[in-house]
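Heads up: the structure comes next, in structure tokens.
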Amino acid sequence: MFIHKHLARSVRFAVAMLMALALSVGAYAQNISVSGTVTDKSGEPVIGAYILVKGTSNGTTADLDGKYTISVPANGTLEFSMMGMKTVSIPVNNKNVVNAVMEEDGILLEEAVIVAEFGMKRTARSVGSAVQNVKAQDIAESGRESFVSALQGRVAGMTVTSTGGAPGASTSVVLRSITSISGSNQPLYVIDGVPMNNSTFDPSQGFAVDDNVGTANQDFSSRGNDINPEDIESMTVLKGAAAAALYGSDASNGAIVITTKKGSKGRGKVSYSNSFRWDKAYGYPELQTKYGNGMYGTANMYSQSRFGALIQPDVKLYDNIAAVLQTGFAQTHNISVEGGTEKVTVRGSAAYTNQQGVVKTTDFERLNITLSGRAEITKWLNFDANMGYVKSTNTKSSKGNGGPLYRAVRWPMTDNMAEYMDPDGVRMKLPAHYTDYDLYNPLYALYKNVNYDENDRFMVNVSLNATPTKNTFLRVTMGWDTNIGKYQYHTHPYWGNREGSSYGSGTFNLSRNSYLDKTINALAGYNNEWGKFTFAAQFGYHQQENGSDNLSTYATDFAVKDFYGLSNCDPATIITRTRTRMRRIQAISAQVELGYNQMAFITLRARNDWSSTLPKGNNSYFYPALELSFVATELPFLKQQTAVSYLKLRGNYAVVGKDAPAFLYD
């Protein structure tokens with residue numbers, strides 16, 4: 001398995017810096033000053049490439065622009081090396097400018113994977129917990145509308161479950177195993193160092209009347225579906241509490257860390273890609289066609305069991321499952337514009353996704369507009385920003401025992417379910433011969449009921465990175481994530497049991513749900529090395545605020561049967577409810593990492609949270625973590641053999657802390 005070149009650059013830079021510090025810079029007689037630029041085959045700078053005067057310990061590293069300057073004998077030779085790239089040797093020949101072009105070389109993922117913690121980087125060899133990188137290219141090329149569903153089968157120990165095959169279906173992700181019976185078991189999603197909201201609308205509590213619309217039969221999109229896979233530059237999965245300890249209690253189930261594209265240096269570049277897909281349902285349940293409705297060989301048209309009398313040869317049978325299905329079609333279009341100078345890079349992108357499901361009337365539509373960039377304000381201060389707008393709409397069908405497939409299977413094969421309208425042109429047609437009223441035609445629900453939602457989401461991430469001195473850093477990230485959703489579930493007055501008391505009334509359910517998440521993370525750190533020993537430490541302050549507002553309305557008794565509007569309902573039946581929830585967490589964190597000879601590492605972590613959802617005086621909780629990593633192939637006797645190129649032993653220990661949902665405690 002091989003790494004993506006964007007992931008490799010940061011690791012190469014870190015490793016090269018350590019090598020440069022370990023080697024002393026020598027002086028030579030009759031030396032000349034040589035400078036140049038190190039690039040890859042595409043012209044991108046090879047950040048952190050190590051330049052060595054062959055046969056000596058005199059070396060330096062390329063800067064963020066791939067440039068270097070070194071003192072070298074006029075007849076000397078320069079060797080350019082970098083982890084994951086082939087070494088290049090170039091004679092100086094008394095020249096003052098020597099440029100090098102390097103080619104990539106395959107390298108195992110485990111050796112070069114990086115972990116982004118609030119945007120900070122670590123090499124794989126120092127990590128004692130379970131992490132795994134996923135290539136952004138693999139996600140983009142999967143053809144999936146959601147990057148979350150594209151993770152299925154790509155990460156060891158990850159279970160990705162879709163609630164169904166319908167467009168816009170929500171997705172559940174579990175790393176390793178569940179940890180809570182009543183709480184969330186999903187990992188935290190982090191974009192450019194800022195936690196992202198991945199909530200799903202709960203119809204059982206989000207509408208005005210609790211449990212009027214149940215989660216067993218209705219599904220709403222996860223907000224993780226809003227992310228455009230083409231905007232992802234790299235992705236790292238942190239498995240377990242130890243790996244994600246610094247992210248707090250929301251990451252007790254692990255974290256999926258995403259870095260977005262910020263543009264590249266050079267002339268402006270326009271990229272366009274698309275994909276088209278046709279879907280066909282398969283694997284139909286096998287239905288027997290010998291016996292009709294009834295039991296024990298006796299016809300009974302009140303019964304839904306099909307063990308009745310033999311179906312006569314001259315009776316026509318209908319494929320009612322096919323009546324609710326169609327050929328699905330999905331299309332995706334992506335366009336991006338990027339470019340920049342040595343100091344500033346900018347990228348803008350737009351993506352359009354439209355998916356029509358294999359169940360009739362179902363569809364999902366999404367528009368993504370993103371603007372991101374990076375600017376070097378001074379040599380010690382740079383700025384990153386990412387802004388995105390997402391517009392999505394979703395027309396759904398019910399699922400489970402209220403879904404169209406379930407109802408189609410139960411519909412008598414001797415009746416054509418495709419004719420779902422009564423001869424009066426208004427009411428739902430009942431199956432021929434069947435004398436009970438408890439069979440509902442799913443096509444009537446698909447075309448007459450309303451099951452629809454739309455969302456407008458706006459996300460902003462801003463990051464300031466400073467290196468006041470050589471071995472110190474300061475990083476501040478701020479995030480703002482807001483969404484306004486409109487959720488509708490309306491049933492037609494003539495949908496239901498004709499003998500029921502509510503038949504002819506209809507139901508109107510409308511919910512307007514919005515949330516606003518604000519996040520700030522501030523990190524300060526120091527790193528250095530003394531001979532074979534390395535040291536890194538950081539201290540952080542974190543604040544997260546999650547607020548939501550819900551306004552929902554329920555009503556019934558339609559005046560006009562085919563019109564869905566609150567003004568069309570009986571005012572006496574209107575129920576309106578509002579909900580406002582707020583949760584705030586403040587925390588401090590610390591991490592210390594000690595390393596020896598790039599072979600043995602120990603990392604200590606700790607975080608303390610104060611949550612507003614816990615009782616006053618008892619709202620603080622502390623959780624530590626310990627990681628150990630040992631790269632056995634760095635031992636002298638293992639370096640001599642070639643059978644094993646890389647062997648690392650690791651272990652970790654962590655204590656997990658969680659708070660409570662809002663308003664659970666007074």
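The values are calculated or read from the model by the stated rules, or taken from the named source; none is laboratory data. Predicted, not measured: the structure shown is a model, and the values here were computed from it. Neighbour counts run over all protein chains shown; Cβ positions are idealised from the backbone, glycine included. What goes into the accessible areas is simple: the full protein's heavy atoms, side chains included, and nothing from ligands, DNA or RNA. Shrake-Rupley method; radii C 1.70, N 1.55, O 1.52, S 1.80 Å.
Considered as a group, the residues in the stretch 524-544 that are out of contact with any Gly (no Cβ under 8 Å at 6 or more places or on another chain) and surrounded by fewer than 16 Cβ atoms within 10 Å (Cβ to Cβ) include one that is nearest to Tyr596 (Cα to Cα), and that residue is Lys532.
If you take the residues in the stretch 399-432 that are part of a loop (DSSP other than H, G, I, E, B) and basic (Lys, Arg), which one is least open to solvent (accessible area, probe 1.4 Å)? Spell out how you get there, then give the answer.
Initially, the stretch 399-432 is screened for residues part of a loop (DSSP other than H, G, I, E, B), giving 399, 403, 411-420, 422-427, 429-432.
Subset that is basic (Lys, Arg): 399, 427, 429.
Details: Lys399: 58, Arg427: 74, Lys429: 36 Å².
The qualifying residue least open to solvent (accessible area, probe 1.4 Å) is Lys429.
Each residue in the stretch 369-394 was checked for being open to solvent by 40 Å² or more (accessible area, probe 1.4 Å) and within 27 Å of Gly214 (Cα to Cα), and 1 pass. Screening Gly500 against (1) at pLDDT below 95; (2) touching a strand residue (DSSP E or B) at 6+ places or on another chain (Cβ under 7 Å) leaves a single unmet condition, (2).
Counted as qualifying within the stretch 558-666 are the strands (runs of 3 or more DSSP E) with 3 or more residues that are of a type in the set (Ser, Thr, Tyr) and touching a Ser or Thr at 6+ places or on another chain (Cβ under 9 Å), namely 575-596, 620-631. Scanning the stretch 505-530 for residues that are in contact (Cβ under 8 Å) with a residue 12 or more places away in the chain and either farther than 30 Å from Asp192 by Cα or out of contact with any strand residue (DSSP E or B) (no Cβ under 8 Å at 6 or more places or on another chain) (or both) gives Ser505, Gly506, Thr507, Phe508, Asn509, Leu510, Ser511. In the stretch 605-645, of all residues being open to solvent by 40 Å² or more (accessible area, probe 1.4 Å) and small (Gly, Ala, Ser), the one that is farthest from Ala537 (Cα to Cα) corresponds to Ala643.
Just for strands (runs of 3 or more DSSP E) wholly inside the stretch 227-291: which have at least 2 residues that are among the small types (Gly, Ala, Ser), surrounded by fewer than 24 Cβ atoms within 10 Å (Cβ to Cβ) and modelled with pLDDT under 90? Before the answer, list the steps.
Working: elements: 232-239, 255-260, 266-279.
In the stretch 227-291, the matching strands (runs of 3 or more DSSP E) lie at 266-279.
Please work out if Asn521 is at negative phi, crowded, with 16+ Cβ neighbours inside 10 Å and at pLDDT 95 or above. Outline the logic, then answer.
On the way: at negative phi: yes; crowded, with 16+ Cβ neighbours inside 10 Å: yes; at pLDDT 95 or above: no.
Taking the combined requirement at face value, the residue does not satisfy it.
Looking across the stretch 226-259, just one residue is more than 20 Å from Thr159 (Cα to Cα), among the acidic types (Asp, Glu) and out of contact with any Lys or Arg (no Cβ under 8 Å at 6 or more places or on another chain), and that is Glu230.
Of all residues in the stretch 46-76, those being among the hydroxyl-bearing types (Ser, Thr, Tyr) and open to solvent by less than 40 Å² (accessible area, probe 1.4 Å) number 5. So if I check each of Ile191, Ile178, which one is modelled with pLDDT of 80 or more and surrounded by fewer than 22 Cβ atoms within 10 Å (Cβ to Cβ)? Answer to the check: Ile191. Consider the stretch 577-604 and keep the residues that are within 30 Å of the chain's Cα centre (by Cα), closer than 20 Å to Glu529 by Cα and of a type outside the set (A, V, I, L, M, F, W, C). The one that is surrounded by the fewest Cβ atoms within 10 Å (Cβ to Cβ) is Glu593.
Can you find even one residue in the stretch 441-452 that is hydrophobic (A, V, I, L, M, F, W, C), in contact with a strand residue (DSSP E or B) (Cβ under 8 Å, 6 or more places away or on another chain) and open to solvent by 50 Å² or more (accessible area, probe 1.4 Å)? Within the stretch 441-452, not a single residue is hydrophobic (A, V, I, L, M, F, W, C), in contact with a strand residue (DSSP E or B) (Cβ under 8 Å, 6 or more places away or on another chain) and open to solvent by 50 Å² or more (accessible area, probe 1.4 Å).
Can you find a residue that is within 22 Å of Leu464 (Cα to Cα) and open to solvent by less than 20 Å² (accessible area, probe 1.4 Å) anywhere in the stretch 552-563? So far as the stretch 552-563 goes, no, none of its residues is within 22 Å of Leu464 (Cα to Cα) and open to solvent by less than 20 Å² (accessible area, probe 1.4 Å).
If you filter the stretch 90-131 down to residues that are surrounded by 20 or more Cβ atoms within 10 Å (Cβ to Cβ) and part of a strand (DSSP E or B), you find that the one that is modelled with the highest pLDDT is Ala100.
Among the residues of the stretch 533-550, none qualifies, meaning not one is in contact with a Phe, Trp or Tyr (Cβ under 9 Å, 6 or more places away or on another chain) and part of a loop (DSSP other than H, G, I, E, B).
For the stretch 374-398, a residue qualifies if it is of a type in the set (A, V, I, L, M, F, W, C) and in a strand (DSSP E or B), and the qualifying residues are Ala375, Ile377, Leu381, Phe383, Ala385, Met387, Val390. Do we have Ser199 as under 13 Å from the mean Cα position of the chain (by Cα) and modelled with pLDDT under 85 here? Here the answer is no, as Ser199 does not meet what is asked. Considering only residues in the stretch 150-175 that are among the hydroxyl-bearing types (Ser, Thr, Tyr) and surrounded by 20 or more Cβ atoms within 10 Å (Cβ to Cβ), the one that is nearest to Leu367 (Cα to Cα) turns out to be Ser170.
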